Amino acid sequence: MYDIAIIGAGPAGASAGIFAAKAGKSTLLFDHGKSITAKAWVENHYGVKEIEGPELLKKGQQQAVDFGAELKDEEVTSIEEAGDHFVLQTENGSFEAKHVLFATGMSVKLAEEIGLKTKEGSEPRVAKVIETDENGRTDKKSIWAAGTVAGVSVHTIITAGHGASIAINIISELEGKRYVDHDILKK
């Protein structure tokens, strides 16, 4: 069983995956290959002069994998509660996780299918978002949302930061104390 299953491996999901895996949490990332970042040209991402969206996605996902996350190129088709965890179904099998993080960009379809509360989006072309509290929690215990689907700006730098922030909140809940990830310069 995974500690965290992240649905969506765009900037928000991959960033959450980086933090979760680096913290030693068993992390599963699902990517169905439909991220809007795949069509982007990015010149305003901190620390990167310019990059094509597909390359940004590839680098972020690879960084999460390098820290130990498992990446599945599959679409999650359903989620069921199973006591104190969840079972996520794909066309290729099922996976169990203690926490689920929606980082599904502009899609709330699966969230609505499992009964999460949604509301009207405020960003251009974002029709609906998942309702969360300030920490990324939805109205269902141990289900979270980050990035555009949680109502933050569609800009990659903002969704990536939000994914990291929500991952820190999930890690903190798993550990029972506030988690901080801070490395020092290696010489």
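The values are calculated or read from the model by the stated rules, or taken from the named source; none is laboratory data. Every value quoted in this text rests on a predicted model; they were computed, and no experiment measured them. Backbone-built Cβ (ideal geometry, glycine too); neighbour counts: all protein chains shown.
HIS45 is checked against (1) at pLDDT 95 or above; (2) in contact with a strand residue (DSSP E or B) (Cβ under 9 Å, 6 or more places away or on another chain) and fails just one. What number does that condition carry?
HIS45 satisfies every listed condition except (1).
Looking at GLY68, GLY60 in this structure, which one is touching a residue at least 60 places away in the same chain (Cβ under 8 Å) and of a type in the set (Gly, Ala, Ser)?
GLY60
Please determine, by comparing only the residues of region 17-36 that are in a helix (DSSP H, G or I) and out of contact with any Leu (no Cβ under 6 Å at 6 or more places or on another chain), which one is surrounded by the fewest Cβ atoms within 10 Å (Cβ to Cβ).
Per the stated criteria, the residue is ILE36.
Which members of region 62-94 meet the condition of being in a strand (DSSP E or B) and of a type in the set (Val, Ile, Thr)?
VAL76, THR77, ILE79, VAL87, THR90
Within region 100-115, is even one residue farther than 22 Å from GLY24 by Cα and polar (S, T, N, Q)?
yes
Scan region 120-149 residue by residue and report those that are on the phi > 0 side of the Ramachandran plot and either surrounded by 16 or more Cβ atoms within 10 Å (Cβ to Cβ) or at pLDDT 95 or above (or both).
The answer is GLY136, SER142, GLY147.
What about THR104, is it closer than 23 Å to ILE130 by Cβ and either assigned to a loop (DSSP other than H, G, I, E, B) or more than 16 Å from the chain's Cα centre (by Cα) (or both)?
So THR104 fits the description; yes.
Basic (Lys, Arg), farther than 15 Å from GLY163 by Cα, in a loop (DSSP other than H, G, I, E, B) and modelled with pLDDT under 95, is that true of LYS59?
No: the conditions fail for LYS59.
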